[in-house]
Amino acid sequence: MKRISFTVNGVQHRYGGDPEMPLLWYLRDLLQLTGTKYGCGAGVCGACTVHLDGVATRSCITKMGSMAGKRVVTIEGLSPHGDHPVQKAWQACDVPQCGYCQGGQIMQAASLLRQKPHPTERDIEEAMQGNICRCGTYQRIRQAIVLAAK
Ligand code: FES
C-alpha cells in the first residue's frame, strides 16, 4: 500500500500497512492511545468514538486505507488539560460509573456541541443514542451535555 499521511492529535503520521486494519487498532496498539475503547467492533456501541475531521466516528469500522489527509482527534487530544467544556461538565455531574464507555460518550457529545452549541433534548437523544452505557449513566450524560451547552 502507498504510504498515506494523516494527523492524530495534531501530530503527523505516515502509514503504509494493511489498508483493512481498523483505525482503532492503530490508535490503541501502535500509538498506545488506549482511551479509545474496543466494545463491539461492529460500529454499534460507540466505545471507540473519535473525531475524524471534527465529526464523531466509530474507529472500529474505519479502515486505515481511508485515512489519507484526515485529522483524527482522540479523547487524549480533545483538550490540553482535560478541560474541554464537556469534560468539565462530566466531572461536575460525576457521570461515569465503571467508565469504560465514557471516552466515547464524551467524544460523541463534544461533536454534537460543535455542530449544535445549544442542542434540544431531541438533538441530544438522537446524537447519543448510538453510545451504549451498560452502567446506565444516561441521565447524568444528558445532564452533563445540558450543562456544557450553557
Ligand atoms: Fe466501535 Fe463498538 S467498538 S462501535
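Each value in this text was obtained by applying a stated rule to the coordinates, not by laboratory testing. Owing to the predicted nature of the structure, the values given are computational and were not obtained by experimental measurement. Don't worry about glycine lacking a Cβ; one is built from the backbone with ideal geometry, like all the others, and counts go over all protein chains shown.
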- Item | Spacing of the two label points (7 Å from each Cα toward its C-beta) at Ile61 and Leu30, in nm | 2.2
- Item | the chain, relative contact order in percent, only Cα pairs under 8 angstrom and at least six apart counted | 25
- Task: Quick one: Debye curve from the alpha-carbon atoms of region 4-77 only, equal weights, vacuum; give me log10 I(q)/I(0) at q = 0.18, 0.20, 0.25 Å⁻¹ to two decimals.
- Result: -0.59, -0.75, -1.23
- Task: For n ≥ 4 DSSP H runs only, could you compute -39500 (n - 2.57) per run for the chain, divide by its residues and tell me the 222 nm figure to the nearest 500?
- Result: -8000 deg cm²/dmol
- With no solvent and one point per C-alpha, what does the Debye sum give as log10 I(q)/I(0) for region 1-139 at q = 0.13, 0.18, 0.22 Å⁻¹? -0.53, -1.00, -1.42
- Item | Additional length obtainable on full extension of the chain from Gln12 to Gln115, 0.36 nm per residue less Cα span | 34.5 nm
- Query: What whole number of Å gives the distance from the Cα centroid of region 92-125 to the Cα centroid of region 1-46?
  - Reply: 22
- Under a point spin-label approximation (7 Å from Cα along Cα-to-Cβ), what is the Ser79-Asp94 distance to one decimal in nm? 2.0
- Leu52: net charge of surrounding residues, Cβ under 10 Å, Lys/Arg +1, Asp/Glu -1, itself excluded? +2
- Item | Anchor Lys2: lysines whose Cα lies under 27 Å away (excluding residues fewer than 8 positions away in-chain) | Lys63, Lys70
